[in-house]
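One structure is given below, encoded as structure tokens.
Nothing in this text is a laboratory measurement; each read-out follows from the coordinates by a stated rule. Quantities reported herein were computed from a predicted structural model and do not represent experimental measurements. Note that we place each Cβ from the backbone using ideal geometry, even for glycine, and neighbour counts take in every protein chain shown.
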Amino acid sequence: MEVVLVVLGLVIILAVKGIYDRKNLKKKLLARVEYTYGKIPDKKLTEEKKESLKYYHKLHPTPYDVDDITWNDLNMDNVFDLVNSCNSAYGEEYLYAMLRSPQVSEEKLKERGNLIKIFSKKKTLRNQLSMHFANMGIMKKISVFEYMGSLKNASLEGAGIHILLDFLFALSIAYIFINPPFGIIASIVMLIANIFTYFKYKTKIENYFVIIGFIVRSLKSAQELSSIKDEEILPYMERLKNCVKEFNGLRHGAWLVSTTGMGSSDMAQIMLDYLRMLFHLDLIKFNLMYKTFLNKEKYFNEIFETIGLLDSMIAVASFREMMGRNCEPDFHAEKKISVDGLYHPLIESPIPSSFSTERSVLLTGSNASGKSTFLKSVAINQILSQTIYTALAIEFHTTFFNIMSSMALKDDIIGGQSYYIVEIRSLKRIIERMNDEVPVLVFIDEVLKGTNTLERIAASSRILLSLSASRSLCFAATHDIELTFILENYYNNFHFEETVSENEVIFDYTLREGRAVSRNAIKLLSILGYPDEIIESATEMAQSYLTTNEWKVL
């Protein structure tokens with residue numbers, strides 16, 4: 001009796017401790033979710049992880065995706081990192097795909113905007129959802145959809161062979177009571193056959209058990225998530241609930257499929273391992289679960305997209321809170337961009353820019369004056385507007401564009417291509433998109449800088465003219481002031497200036513109308529301590545060219 005009471009006491013203590021631990025964990029999770037909202041995400045994505053994030057997007061391309069050149073030109077991996085406070089793997093992969101897939105109509109954008117507003121104002125609902133998403137977890141190396149792809153490619157022979165072996169094993173045991181010598185020999189043979197066959201098949205598919213385990217945990221979390229009561233997100237909860245119901249057969253008995261090895265010290269688990277080995281319980285269940293998953297894959301995709309949308313929109317609400325000044329973009333039919341207080345998300349203490357243009361733009365100014373940052377600011381905000389319905393500005397009026405750039409190009413040493421070849425190939429891909437139904441918004445930093453001045457100006461002027469004459473809108477930075485005169489009937493001119501004093505150069509990063517008129521390159525050589533004879537000679541040559549329009553022979 002005393003032993004029974006001791007055992008009962010231990011069971012009660014363990015149960016109470018389990019309840020306390022779960023409550024404590026829930027409290028810590030809530031504190032973390034509340035603390036991280038509206039703050040810069042503390043996530044360090046490895047290159048392996050970044051590659052895995054692309055998997056879902058690659059399987060779901062759209063006609064106006066941000067291509068790799070544009071994505072890299074604009075440092076969009078860093079922008080993604082800034083927005084990505086998602087708590088689940090679903091949210092991360094969905095957000096990445098969203099940022100790479102600009103919309104060309106407002107239907108989906110308004111749905112996203114509505115969810116962002118809901119999560120911005122409803123703290124309790126936001127926390128509830130975030131905690132469920134956090135329980136689903138983040139994948140460290142492989143994407144959810146890569147998991148699914150691996151599972152679909154599994155090479156299985158089916159459950160038939162395992163069911164047959166179980167039947168023969170049971171029959172041989174039954175024969176012990178009919179013909180003991182034969183029954184015992186048959187049972188030993190079938191025992192050896194079952195063990196040998198078990199490890200043969202288990203080795204082939206054991207890695208897929210991890211995937212099935214992940215699916216089962218995801219479905220459990222989705223079921224718990226669907227019980228949240230809130231009228232504003234009720235359609236999403238109903239969608240989850242209906243999809244999870246489709247997997248009831250898969251979830252029942254899922255405990256039979258386990259990744260626990262034979263080295264486990266849990267007595268019940270050890271006994272279950274032996275039963276699996278003798279009767280192939282996990283292999284049979286896995287084959288049935290696998291068949292269910294393949295037949296119900298579309299419902300799992302819907303679960304993924306629903307959770308991904310909700311989690312990513314909470315992340316965008318957090319992004320808006322963190323960034324401070326932002327607005328919802330105003331889309332109109334005309335080819336025009338008009339912004340007030342625009343800024344770059346990755347710049348600390350940025351200087352905002354305001355402008356309005358119905359024509360393409362030529363941007364001039366010295367190096368480091370702010371041209372490239374301005375181009376990226378406009379491009380990134382156009383992408384954010386057409387993906388997460390958010391612009392970092394006081395006002396952002398625009399239309400729907402196919403966004404493309406040619407900015408941060410490099411020589412292709414491995415491919416044996418010069419900078420100029422890489423550059424003209426990059427520009428050609430943009431020109432080829434000019435006749436699409438959706439106008440192209442183009443960003444070019446120093447067009448054709450990989451070739452000589454004469455041919456650069458001649459070719460650049462024609463390329464830029466073709467870009468402005470089509471339905472596109474082009475923003476191009478250049479040092480060639482000649483282009484601002486050649487193209488003044490087609491391009492609006494804006495510029496950045498700097499102030500050069502005795503000891504320093506000061507950039508105010510303020511966008512101004514008109515072409516740049518300052519000539520401070522030689523003065524900058526002086527500030528950096530170049531010899532006086534170089535400064536004086538360069539000044540004399542520049543003045544001579546301005547007077548005669550010819551370069552002095554040295």
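Key figures for this structure:
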item	result
R0 of 35 Å, Cβ-Cβ distance ASN72-ILE40: FRET efficiency to nearest 0.05	0.95
Residues PHE182 and LYS241, FRET efficiency given R0 of 56 Å [Cβ-Cβ distance, rounded to 0.05]	0.55
Protection-proxy order for peptides 206-212, 281-287, each taking the mean of Cβ atoms within 10 Å per residue, highest first	281-287, 206-212
Local electrostatic count, TYR490, Cβ distance below 12 Å [Lys/Arg +1, Asp/Glu -1]	0
Global form of the range 330-518, assessed from the alpha-carbon gyration tensor, a/c cut-off 1.5	rounded
Whichever aspartates and glutamates have a C-alpha closer than 14 Å to that of LYS298, once near sequence neighbours (fewer than 8 apart) are set aside	GLU246
Ranking of THR373, THR453, THR62 by count of other Cβ atoms within 10 Å, fewest first	THR453, THR62, THR373
Candidate aspartates and glutamates for bridging to LYS43, where Cα separation is under 20 Å - those fewer than 8 sequence places away on the same chain excluded	GLU34, GLU51, ASP77, ASP81, GLU92, GLU93, ASP311, GLU321, GLU348
Sorted by Cβ density within 10 Å, fewest first, the residues ARG433, ARG456	ARG433, ARG456
DSSP-defined antiparallel bridges as percent of all bridges, the chain, nearest 5	40
Residue order, fewest to most surrounding Cβ atoms within 10 angstrom, among ILE522, ILE13	ILE13, ILE522
Helix axis angle, 419-431 relative to the chain longest principal axis, alpha carbon, degrees	80
Estimated 222 nm signal from helices in the chain, with DSSP H stretches of n ≥ 4 weighted -39500 (n - 2.57), rounded to 500	-19000 deg cm²/dmol
Packing rank of 397-404, 45-52, where each peptide gets the mean count of other beta carbons within 10 Å, highest leading	397-404, 45-52
Net charge contributed by nearby residues that have their C-beta within less than 14 Å of ARG512 (K/R +1, D/E -1)	-2
Local net charge near ASN326, Cβ-Cβ under 15 Å (Lys/Arg +1, Asp/Glu -1)	-1
Distance in nm between pseudo-label sites at ASN295 and SER349 (7 Å out along the Cβ direction from Cα)	6.5
Dipole of the chain, positive end: most advanced residue of ASN78, LEU125, SER143 [Cβ charges, Cα centre]	LEU125
With Cα atoms, 0 to 90° folded angle of helix 453-469 axis to the chain main axis	60
FRET efficiency for ARG512 and ALA542, using Cβ-Cβ distance with R0 set to 22 Å, rounded to 0.05	0.40
Helix 371-387 axis, angle to the chain major axis (alpha carbon atoms, nearest 10°)	40
Packing-based ranking, highest mean first, of 179-185, 81-87 given that Cβ atoms within 10 Å are counted	81-87, 179-185
